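Colleague: Just dropping this structure here.
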Amino acid sequence: GASFPAELIVLSACQTASGKLYRGEGLLSIAQAFQYAGAQSLVASLWNVDDQRTPALMQSFFENLWHKMSKTSALAAAKRQYIKTQKGLDAHPCFWAGLLLSGSELPLNNTGLGAWWWLALSAGLAVAGYLLFKFRRKT
């Protein structure tokens, strides 16, 4: 089978961890497709992400990865930072709790340009694939 050479895929589009439940197959989602293709770990969302709040959380996550934190620690710290900087309802879990990490929790092995190029490419491909998937379902 084909292998997708990525340590981490970030699917920050809406509902990338959600999918359709098929009898005998389980839950099929775009996130699952990346895991089948060999991605070591991925971050995906259970529900619609907020376009105005999610970028700050993801920026913090990537900064934490850059400082060699494990992926789980990087995401947890980004969520705590987000909560700490928000006021009132903006700190509600609906804005941060839906982002989940699955797969390897180890820090990124390579924080050079190659690793970040793959992260950017994987995010772009994921968004394009998800939009195509949604568009095809409507037609």
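Colleague: 7 Å from Cα along Cα→Cβ at both residue 46 and residue 89: what's the point-to-point distance in nm?
Modeller: In this crude label model, residue 46 to residue 89 measures out at 2.1 nm.
Colleague: Over the heavy atoms of residue 54, what accessible area does a 1.4 Å probe trace out, to the nearest 10 Å²?
Modeller: The accessible area comes out at roughly 10 Å².
Colleague: Ranked from the most accessible area to the least, with a 1.4 Å probe and all protein chains present, what is the order of 96, 66? Intermediate results must be reported in sequence, preceding the final value.
Modeller: Details: 96 55, 66 130 Å².
Descending accessible area places them as 66, 96.
Colleague: Let me cross-check residue 41: its accessible surface, 1.4 Å probe, with only protein heavy atoms counted, in Å² to the nearest 10?
Modeller: Approximately 0 Å² of residue 41 is accessible to the 1.4 Å probe.
Colleague: Amide H of residue 9 versus every other amide H placed in the peptide plane: which residues, excluding those fewer than 5 positions away on the same chain, fall under 5 Å?
Modeller: 41, 42, 43
Colleague: Let me understand the range 65-110 better: what is its radius of gyration from the alpha carbons, and its Dmax, in angstrom?
Modeller: Rg and Dmax of the range 65-110, Cα atoms, are 12.1, 38 Å.
Colleague: Let me cross-check residue 62: its accessible surface, 1.4 Å probe, with only protein heavy atoms counted, in Å² to the nearest 10?
Modeller: Residue 62 exposes around 60 Å² with every protein chain in place.
The values are calculated or read from the model by the stated rules, or taken from the named source; none is laboratory data. All of these numbers come straight from a predicted model, not from anything done at the bench. Quick reminder, even Gly has a Cβ in these numbers, built from the backbone with ideal geometry, and neighbours come from all protein chains shown. In case anyone asks, the SASA skips ligands and DNA or RNA and just uses the protein heavy atoms, side chains included. Shrake-Rupley method; radii C 1.70, N 1.55, O 1.52, S 1.80 Å.
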